[in-house]
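**Student:** Here it is, the structure in full.
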Amino acid sequence: MILTTSINDVRKYRQLGKQLNSDNFDGRVREVQENELTELLGRALSYDFFNSLENSWTNISQTLTRVSDTIFKVLAVDLSATILAGYAIRVNENTFAIVKSCTFTTPDTVIEVEGYELPDILTTIDYKAENKYIKLLNGYTYTEDSKTIKYNGLRPFISWKLLAIFAGDGNVKHSDTGNFTITSGNFERPTKGELESAKSTYLQNSVREENNIIDYLNANSIDFPLWYQKRNENIENFKFTVI
């Protein structure tokens with residue numbers, strides 16, 4: 001399963017330590033994707049979503065140069081008639097964006113993307129015409145009842161769910177001799193009430209984002225035939241009074 005959310009994505013919402021173990025983080029993202037996200041999308045749509053991210057791409061077998069966060073060059077080839085605006089782009093097999101423009105400026109093709117920043121180093125580039133799942137992942141601005149709505153994508157939902165899990169067991173480590181916690185004399189651990197308050201906030205925010213995802217899929221259900229329309233969840237379900 002492709003992991004759709006990075007440490008930097010979560011850091012847009014809350015601080016995460018610079019020494020955070022990458023295996024620990026990746027495992028939590030996978031947990032949220034396999035459980036909460038799959039339950040939200042439904043198993044059929046979830047399978048189709050991840051299958052689309054992983055398969056049916058066409059590779060660009062040319063030399064690549066990163067120009068900026070949103071622009072790169074494909075050297076010594078004209079792809080302006082091959083890759084069109086609106087196509088999906090996959091970078092390094094795990095970064096996804098949509099082509100904003102593709103122009104030929106002798107002797108290179110210049111491609112500008114939107115929806116997600118390019119990684120610092122480009123090793124592989126793939127493309128496909130279908131982009132609906134990239135919009136679902138990254139977010140998109142759409143119109144409903146003549147009103148423009150900004151949809152933030154799946155990562156905020158995944159991030160808040162991950163933070164809620166982390167608040168509960170982030171200090172629990174696993175070893176060959178059993179479970180243990182790491183403590184330091186330089187830090188004071190938060191109280192149970194403080195942890196529950198933080199977790200309540202994270203869960204409320206995850207429900208807000210869940211409702212945004214539901215609204216987006218309901219409004220664009222013609223593009224997602226595997227989606228079964230749902231009603232929004234109540235945010236107050238996760239509002240706790242901590243004493």
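The values are calculated or read from the model by the stated rules, or taken from the named source; none is laboratory data. Computed from a predicted model, the values in this text were never measured in an experiment. With ideal geometry, Cβ positions are generated from the backbone for all residues, glycine too; neighbour counts draw on all protein chains shown.
**Student:** Of all residues in the stretch 124-168 being β-branched (V, I, T) and out of contact with any helix residue (DSSP H, G or I) (no Cβ under 8 Å at 6 or more places or on another chain), which is farthest from L53 (Cα to Cα)? First the steps, then the outcome.
**Tutor:** Kept after step one, since they are β-branched (V, I, T), are these residues of the stretch 124-168: 124-125, 134, 141, 143, 148-149, 158, 165.
Imposing the further condition that a residue be out of contact with any helix residue (DSSP H, G or I) (no Cβ under 8 Å at 6 or more places or on another chain) reduces the set to 124-125, 134, 141, 143, 148.
Details: T124: 15, I125: 13, I134: 8, T141: 21, T143: 25, T148: 27 Å.
Only one residue fits best here, namely T148.
**Student:** Follow-up. Can you report the number of residues in the stretch 112-122 which are more than 18 Å from K135 (Cβ to Cβ) and in contact with a Leu (Cβ under 9 Å, 6 or more places away or on another chain)?
**Tutor:** So the count comes out to 1.
**Student:** Scan the stretch 118-134 and give yes if some residue there is outside any loop (DSSP other than H, G, I, E, B) and either in contact with a Pro (Cβ under 9 Å, 6 or more places away or on another chain) or free of Cβ contacts under 8 Å to residues at least 40 places away in the same chain (or both), otherwise no. Walk me through how you get there before you give the answer.
**Tutor:** To start, the set of residues in the stretch 118-134 that are outside any loop (DSSP other than H, G, I, E, B) comprises 125-128, 132-134.
Applying the additional criterion that residues be either in contact with a Pro (Cβ under 9 Å, 6 or more places away or on another chain) or free of Cβ contacts under 8 Å to residues at least 40 places away in the same chain (or both) yields none.
Checking the stretch 118-134: not a single residue is outside any loop (DSSP other than H, G, I, E, B) and either in contact with a Pro (Cβ under 9 Å, 6 or more places away or on another chain) or free of Cβ contacts under 8 Å to residues at least 40 places away in the same chain (or both).
**Student:** So which of A44, A76 ends up being surrounded by fewer than 17 Cβ atoms within 10 Å (Cβ to Cβ), hydrophobic (A, V, I, L, M, F, W, C) and outside any loop (DSSP other than H, G, I, E, B)? Working first, answer last.
**Tutor:** Values: A76 fails: outside any loop (DSSP other than H, G, I, E, B).
Checking each option against the conditions leaves just A44.
**Student:** Condition test on D48, is it more than 16 Å from T5 (Cα to Cα) and assigned by TED's automatic domain parsing to the domain that holds D223? Give the derivation first.
**Tutor:** Numbers: more than 16 Å from T5 (Cα to Cα): yes; assigned by TED's automatic domain parsing to the domain that holds D223: yes.
The answer is yes for D48.
**Student:** Residues that are of a type in the set (G, A, S), in a loop (DSSP other than H, G, I, E, B) and at pLDDT below 95: does the stretch 51-73 have at least one? Let's see the steps before the verdict.
**Tutor:** The first filter runs over the stretch 51-73 and keeps only residues of a type in the set (G, A, S), leaving 52, 56, 61, 68.
If we keep only those that are in a loop (DSSP other than H, G, I, E, B) too, we end up with 56, 61, 68.
Narrowing further to those that are at pLDDT below 95: 61.
Yes, because at least one residue in the stretch 51-73 is of a type in the set (G, A, S), in a loop (DSSP other than H, G, I, E, B) and at pLDDT below 95.
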